[in-house]
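The values are calculated or read from the model by the stated rules, or taken from the named source; none is laboratory data. Keep in mind it's a predicted model, so treat the numbers as computed, not measured. Neighbour counts run over all protein chains shown; Cβ positions are idealised from the backbone, glycine included. For accessibility, only protein heavy atoms count, side chains too; no ligands or nucleic acids. Shrake-Rupley method; radii C 1.70, N 1.55, O 1.52, S 1.80 Å.
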Amino acid sequence: MNSPFQSARLATTHDTSGSGDLCLANARLVLPDRVLVGAVTIENGIIADISEGDQVPAGAVDCAGDLILPGLVELHTDNLERHIEPRPEVDWPHLPALLAHDGELASTGITTVFDAMRAGSIHDGKGRYDNYARKLADELLAAREAGLFRISHFLHLRAEICSETLLDELAAFGPEDRIGIVRLMDHTPGQRQFRDMAALKTYVGKRRGMTDTEFTEHVQKLRNLQERFGARHEAGAVAEADRLGAVLASHDDTTVAHVATSARNGVGFAEFPTTVEAAEACRAHGIAVMMGAPNLIRGGSHSGNVAAEDLARAGLLDIVSSDYVPSALLLSAFHLAGLWQDLPRAIATVTANPARAARLTDRGALCEGLRGDVLRVRRVERAHVLRGVWSMGRQVG
Ligand SMILES: [Fe+2]
């Protein structure tokens, strides 16, 4: 499969170039394999030098022992949708929504994001979803081209198997859009994420204000859609991901058979496997496992599925995503650091590992030659406080 991201130069062309040089000194640098007391220097947006020692050269920032980490890489967030539809049926103007979302992520240490957009509509009823992805993607790409963002944005299409229009909506995209990720979504009631129907009723029914009758009708409608379109939509979305040059992701795989299908489809990473068996099968197939930061912080899944912490303890957790709480990403990395007693390994779950899964070769670690996306974090009692965020050497938070 061709990737639009295999060249570091391609991946960075849309970003505003870094500003003046920056040296963060007397810091604890979280390198891929160790923590080093030293300094990192960024020139023209790129990490130019990493050196050991606590000296502070003239013009450098004295970090007084603060941690310096790579900027966080977020592969799955619904946060943009929250900004464009802040309440059900409220369509907020998109450019201000995009900029507010961008600023919010920068403030939480995320310097690269794949913005999830839904592809596949349902035309009527309270479970209605309209087609918005192509228009919103155009607006995002235009804002990116104009250099309006603080951080680096890529597109992530959420391919809804249970919809009426999935393949038509995917057909509106082309390789020139450089879609980063296509994710196969099947939220048919009674399986995968929503094996527990009560959890589905809480999640969808309450959020969309459905009566019991409306919820029952909604469930029946989704089951009919899966029956009518499921196989065709899945095969079609896999082919479209290939045409678009995107990484394919699975979602909510639950059984060994689900994971075997994902492997056959060429899935690169698995979002939120719902059982230990599925996560183990991912490991056996070489599919990276992503879990949600809120699950990790809350100590369990809101849908009653496997706890991310159990997978972390079993060595089955590779990537963490902020999912629906952007600030949870940094928090979860330090939570894992405590659990594993290994800070570089924990930081990799929110930096190097997601970058690799998305085939971004120019970021995700403090290494000379990579993008100057870095965070400064101070430990204050038991908390970790973000004190600075730089994207290609430019301070954005
Ligand atoms: Fe899900």
Pairs only if they're at least six apart or on different chains, beta carbon under 7 angstrom, first in the stretch 319-333 and in a loop (DSSP other than H, G, I, E, B), second open to solvent by 20 Å² or more (accessible area, probe 1.4 Å); list them, first residue then second.
-> Y324/D78; P326/E104
Select from the stretch 127-167 the residues that are β-branched (V, I, T), more than 29 Å from G372 (Cβ to Cβ) and either modelled with pLDDT of 95 or more or open to solvent by less than 10 Å² (accessible area, probe 1.4 Å) (or both) and list them in ascending order.
-> I161
Among the residues of the stretch 212-251, how many are in contact with a Lys or Arg (Cβ under 7 Å, 6 or more places away or on another chain) and at pLDDT 95 or above?
-> 3
Residues located in the stretch 141-159, provided they are out of contact with any helix residue (DSSP H, G or I) (no Cβ under 6 Å at 6 or more places or on another chain) and either under 25 Å from R128 (Cβ atoms) or among the small types (G, A, S) (or both) | A142, A146, G147, S152, H156, L157, R158
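Return a yes/no flag: does the stretch 82-98 have any residue that is open to solvent by less than 40 Å² (accessible area, probe 1.4 Å) and under 21 Å from G393 (Cα atoms). If you could, list the steps in order and put the result at the bottom.
Filtering the stretch 82-98 down to residues open to solvent by less than 40 Å² (accessible area, probe 1.4 Å) leaves 83-84, 94, 97-98.
From what is left, the residues that are under 21 Å from G393 (Cα atoms) are none.
For the stretch 82-98, residues open to solvent by less than 40 Å² (accessible area, probe 1.4 Å) and under 21 Å from G393 (Cα atoms): absent.
Tally up the residues in the stretch 365-383 that are part of a strand (DSSP E or B), over 12 Å from I42 (Cβ atoms) and either open to solvent by less than 10 Å² (accessible area, probe 1.4 Å) or at pLDDT below 95 (or both), please. Don't jump to the end; show me each part of the working.
Initially, the stretch 365-383 is screened for residues part of a strand (DSSP E or B), giving 371, 374-380, 383.
Narrowing the set further to residues that are over 12 Å from I42 (Cβ atoms) leaves 375-380, 383.
Retained after the next criterion (residues that are either open to solvent by less than 10 Å² (accessible area, probe 1.4 Å) or at pLDDT below 95 (or both)): 375, 377, 379-380, 383.
Residues meeting the conditions: 5.
Could you grab me the full set of residues in the stretch 271-287 that are more than 16 Å from the ligand (Cβ to nearest atom) and in contact with a His (Cβ under 9 Å, 6 or more places away or on another chain)?
Quick first cut of the stretch 271-287, residues more than 16 Å from the ligand (Cβ to nearest atom) only: 276-277, 280-281, 283-287.
A281, the sole residue that qualifies.
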Any chance you could count how many residues in the stretch 146-167 are under 25 Å from G109 (Cβ atoms) and away from the ligand (no atom under 16 Å from the Cβ)?
-> 10
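Select from the stretch 288-311 the residues that are under 18 Å from the mean Cα position of the chain (by Cα) and surrounded by fewer than 22 Cβ atoms within 10 Å (Cβ to Cβ) and write down the one among them that is nearest to the ligand (Cβ to nearest atom). Give the derivation first.
Going through the stretch 288-311, the residues under 18 Å from the mean Cα position of the chain (by Cα) turn out to be 288-297, 301, 308.
Okay, now just the ones that are also surrounded by fewer than 22 Cβ atoms within 10 Å (Cβ to Cβ), so 288, 294, 297, 301.
On the way: A288: 17, P294: 13, I297: 18, S301: 10 Å.
Looking at the filtered set, the residue picked out is S301.
Consider T108 carefully, then state whether it is within 30 Å of R387 (Cβ to Cβ) and either open to solvent by 20 Å² or more (accessible area, probe 1.4 Å) or of a type in the set (S, T, Y) (or both).
Working: within 30 Å of R387 (Cβ to Cβ): yes; either open to solvent by 20 Å² or more (accessible area, probe 1.4 Å) or of a type in the set (S, T, Y) (or both): yes.
Considered against the rule, which asks whether it is within 30 Å of R387 (Cβ to Cβ) and either open to solvent by 20 Å² or more (accessible area, probe 1.4 Å) or of a type in the set (S, T, Y) (or both), T108 comes out as yes.
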The stretch 34-48, residues that are touching a residue at least 24 places away in the same chain (Cβ under 8 Å), open to solvent by less than 60 Å² (accessible area, probe 1.4 Å) and either in contact with a helix residue (DSSP H, G or I) (Cβ under 8 Å, 6 or more places away or on another chain) or not hydrophobic (A, V, I, L, M, F, W, C) (or both) = G45
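Determine, yes or no, whether T274 is surrounded by 22 or more Cβ atoms within 10 Å (Cβ to Cβ), closer than 28 Å to T202 by Cβ and polar (S, T, N, Q).
Criteria met by T274.
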Where residues in the stretch 252-270 are surrounded by fewer than 24 Cβ atoms within 10 Å (Cβ to Cβ), in contact (Cβ under 8 Å) with a residue 60 or more places away in the chain and closer than 25 Å to F173 by Cβ, which of them is farthest from the ligand (Cβ to nearest atom)?
-> G266
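Residues to consider are A270, A281; find the one that is under 24 Å from R313 (Cα atoms) and in contact with an Asp or Glu (Cβ under 6 Å, 6 or more places away or on another chain). Spell out how you get there, then give the answer.
Details: A281 fails: in contact with an Asp or Glu (Cβ under 6 Å, 6 or more places away or on another chain).
Answer to the check: A270.
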Run G120 past the list (1) at positive phi; (2) modelled with pLDDT of 95 or more; (3) open to solvent by less than 10 Å² (accessible area, probe 1.4 Å) and report the number of the one that doesn't hold.
-> (2)
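Results for (1) open to solvent by 40 Å² or more (accessible area, probe 1.4 Å); (2) within 16 Å of the ligand (Cβ to nearest atom), shown as yes or no for each residue.
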| residue | (1), (2) |
| --- | --- |
| E169 | no, no |
| F173 | no, no |
| T188 | no, yes |
| R195 | yes, yes |
| G209 | yes, no |
| L222 | no, yes |
| A241 | no, no |
